[in-house]
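For reference, the structure I am asking about is given below.
The values are calculated or read from the model by the stated rules, or taken from the named source; none is laboratory data. On a predicted model such as this, the values are computed, not experimentally measured, just so you know. Don't worry about glycine lacking a Cβ; one is built from the backbone with ideal geometry, like all the others, and counts go over all protein chains shown. Protein only, heavy atoms only, side chains kept; ligands, DNA and RNA dropped before computing areas. Shrake-Rupley method; radii C 1.70, N 1.55, O 1.52, S 1.80 Å.
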Amino acid sequence: MSAFEKLMRFEHDTQALGQIAGRLGWDQETMMPRSAADQRGEEMAAIEAVLHGRRIDPQVGEWLAEINDGDLNAVGQAQMRHIRKSFERTSKVPADLAAEIAKVTSKAQGSWASARADEDVAAFLPVLQQVVDLKRQEGQALADGGDVYDAMIDDYEPDMTAAELVAMFDAMRPRLVDLRAAVLEADAPKGLSGAFPADKQMKLTRELARAFGYDMKHGRVDKAVHPFSSGSGHDVRITTRTSEDDPFNCFYSTIHEVGHGCYEQNIDDAYLLTSLGQGVSMGVHESQSRIYENQLGRSRAFTGWLFERMRDTFGEMNVPDADAFYAAVNKVQNGYIRTEADEVQYNLHIMLRFDLERALMSDDLAVADLESAWNDRFAADFGYAVDKPSNGCLQDVHWSVGLFGYFPTYSLGNLYAGCLHQALRAAVPDLDVDLAKGETSAATGWLKDNLQQFGGLRTPRDTIEHASGMAPSPEPLLQYLEQKFRSIYGL
């Protein structure tokens, strides 16, 4: 057996253990008894220690040294690119630090959920301070004297830097702010109102998941405080949430997570339990969830079909027809919650988080001052005050679990989705005819064939360029938003 074959067998088992760790996280969010958090923290720390040990096993280094990448085909070279990078990065982080991060973030997740429910920021800050301190240590170890935040971004979007993100946000912000101002000054469409029972929402949301190609034989839909997707290959799970006066929260959270889930389900089985057998980056992953949710799910064609299905499920609604329903689905309005934000304002929520977490990591912002910094920035950006912590700095789970550097990938996903949508429309000119029937296979099939099946074969930037035929740029997204919302609001 060659060194490459030995390495791939070892990698297979490491990936399998990583999937087990992910399942523990899924269970913690969906079914774990609330008082089991401390024990789960110990379990997560134990498996992280095993994974960390495998990722820096000296034998891996010996195999890497023995293998000549030039002797491998393109798939083998891509496998080596991922494994080599993981080995080099993981080797920089002490095993005890990796285990402590797993332990503390598992506990912090439970602390965040309790603090959020109790509207008690002070109860969460001590453990958040521990998380920030540990992640700074990890970032410093990874950066090797370079930019700590760049090192953190690289975990989620390889080869991306804070400077590139700043340039992207600087290009997007003025046009988004101008569009928001114009829309909010126009007459607002009627929003959806009424009572929508949770059990009926869940029944329809599973129909939506199937309509967008989610394979229920290899997945499931559960409820969680913060919707997410988990797993890869043949076991990909998603979660959603319900609100009896806001069914769009459930339906579009589901379609969003289905985008993530379908990406994982549609990767070539030849890559199963290897480094290529998962989404190549969080930005590319988010491009799939956002194009499913927004460009497809909130389109005039698809909302026409959804309007009829909601009438079948819930009876007559306060919006009289499909056009009014489309406007209600895409209504731009003031709000606090990132995951519920309309397309016009969503990226402004990300810019706020991006700036705050960079300040936390550089120690320019003290954890104790986070709530006031958030509230001040929100008031400056959106023009009104945060009313309670669950609508402010406690609304997102990400910082509690140490995902610093993750937030900007949401906006990257929107940018990538804009590029993909432009290419998809050119490739499938009759797309709206299918969407009006609730049929998405032409769109999802194009995404599978051009992007999803390849998993981690290419770099994130090359993945988008290969699928869309263009270098990533904010222009397609901005043009799409301006055209769509100026039309809806008669501007």
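With respect to the numbered conditions (1) surrounded by 15 or more Cβ atoms within 10 Å (Cβ to Cβ); (2) within 24 Å of the chain's Cα centre (by Cα); (3) among the basic types (Lys, Arg), which one is the sole condition not fulfilled by residue 173?
Unmet for residue 173, out of (1) surrounded by 15 or more Cβ atoms within 10 Å (Cβ to Cβ); (2) within 24 Å of the chain's Cα centre (by Cα); (3) among the basic types (Lys, Arg): (1).
Okay, moving on. Counting just the residues of region 176-191 that are within 26 Å of the chain's Cα centre (by Cα) and hydrophobic (A, V, I, L, M, F, W, C), which one comes out most open to solvent (accessible area, probe 1.4 Å)?
Ranking the qualifying residues of region 176-191, first place goes to 177.
How many residues does region 443-472 hold that are buried (at least 16 other Cβ atoms within 10 Å of the Cβ) and not β-branched (Val, Ile, Thr)?
Matching residues across region 443-472 total 18.
Suppose we filter 431, 478, 424 for residues that are within 25 Å of residue 211 (Cα to Cα) and touching a Lys or Arg at 6+ places or on another chain (Cβ under 7 Å); which single one remains?
Answer to the check: 431.
Every residue, every condition in (1) of a type in the set (D, E, K, R); (2) assigned to a helix (DSSP H, G or I); (3) over 23 Å from residue 276 (Cβ atoms); (4) in contact with a strand residue (DSSP E or B) (Cβ under 8 Å, 6 or more places away or on another chain), yes or no:
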position	(1), (2), (3), (4)
27	yes, yes, yes, no
45	no, yes, yes, no
61	no, yes, no, no
70	no, yes, no, no
102	no, yes, yes, no
105	no, yes, yes, no
113	no, yes, yes, no
131	no, yes, yes, no
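Something else now. Checking the condition closer than 28 Å to residue 276 by Cβ, touching an Asp or Glu at 6+ places or on another chain (Cβ under 7 Å) and among the aliphatic types (A, V, I, L, M), which residue from 83, 56 passes?
After ruling out the rest, the residue left standing is 83.
Please determine whether any residue of region 471-487 is among the hydrophobic types (A, V, I, L, M, F, W, C), touching a Cys at 6+ places or on another chain (Cβ under 8 Å) and touching a residue at least 12 places away in the same chain (Cβ under 8 Å).
Of region 471-487, the ones among the hydrophobic types (A, V, I, L, M, F, W, C) are 471, 477-478, 481, 485.
Right, trim to touching a Cys at 6+ places or on another chain (Cβ under 8 Å) and you get 477.
Within this subset, residues satisfying the condition of being touching a residue at least 12 places away in the same chain (Cβ under 8 Å) are 477.
Yes.
Further question: Just to be sure before I move on: is residue 367 closer than 25 Å to residue 170 by Cβ and at pLDDT 95 or above in the structure I sent?
On the way: closer than 25 Å to residue 170 by Cβ: no; at pLDDT 95 or above: yes.
For residue 367, the condition - closer than 25 Å to residue 170 by Cβ and at pLDDT 95 or above - is not met.
When residue 63 is evaluated against the numbered criteria (1) within 19 Å of residue 89 (Cα to Cα); (2) over 28 Å from the mean Cα position of the chain (by Cα); (3) open to solvent by 40 Å² or more (accessible area, probe 1.4 Å), which criterion, by number, is the only one it fails?
Result: residue 63 fails condition (3) only.
Now a separate question. Considering only region 202-228, state which residues are open to solvent by 40 Å² or more (accessible area, probe 1.4 Å), modelled with pLDDT of 95 or more and aliphatic (A, V, I, L, M).
216
For region 3-20, how many residues are open to solvent by less than 50 Å² (accessible area, probe 1.4 Å), of a type in the set (A, V, I, L, M) and either within 10 Å of residue 231 (Cα to Cα) or in contact with a strand residue (DSSP E or B) (Cβ under 9 Å, 6 or more places away or on another chain) (or both)?
0
Taking only pairs six or more apart or across chains, which ones have beta-carbon atoms under 8 Å, a first residue in region 158-178 that is within 20 Å of residue 146 (Cα to Cα), and a second residue that is open to solvent by 20 Å² or more (accessible area, probe 1.4 Å) and not in a helix (DSSP H, G or I)?
That search, which allows pairs on different chains as well, returns 158/459; 159/459; 160/154; 161/147; 162/147.
Any residue that is outside any helix (DSSP H, G or I) and over 23 Å from residue 399 (Cα atoms) - is there at least one of those in region 145-163?
Checking region 145-163: at least one residue is outside any helix (DSSP H, G or I) and over 23 Å from residue 399 (Cα atoms).
Right, next: Go through region 229-250 and count every residue that is at positive phi and open to solvent by 30 Å² or more (accessible area, probe 1.4 Å).
Total meeting the criteria: 0.
Table: residues versus (1) open to solvent by 50 Å² or more (accessible area, probe 1.4 Å); (2) over 27 Å from residue 23 (Cβ atoms).
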site	(1), (2)
46	yes, no
58	yes, yes
78	no, no
83	no, no
104	no, no
124	no, no
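Right, something else. Can you find, within region 332-351, the residue that is surrounded by the most Cβ atoms within 10 Å (Cβ to Cβ) among those that are at pLDDT below 95 and assigned to a helix (DSSP H, G or I)?
338
List the residue pairs whose Cβ atoms are under 8 Å apart, where the first residue sits in region 291-320 and is open to solvent by 10 Å² or more (accessible area, probe 1.4 Å), the second is modelled with pLDDT of 95 or more and of a type in the set (Lys, Arg), and the two are 6 or more positions apart or on different chains.
Within 8 Å, the pairs are 305/437; 313/200; 313/203; 314/200; 317/311.
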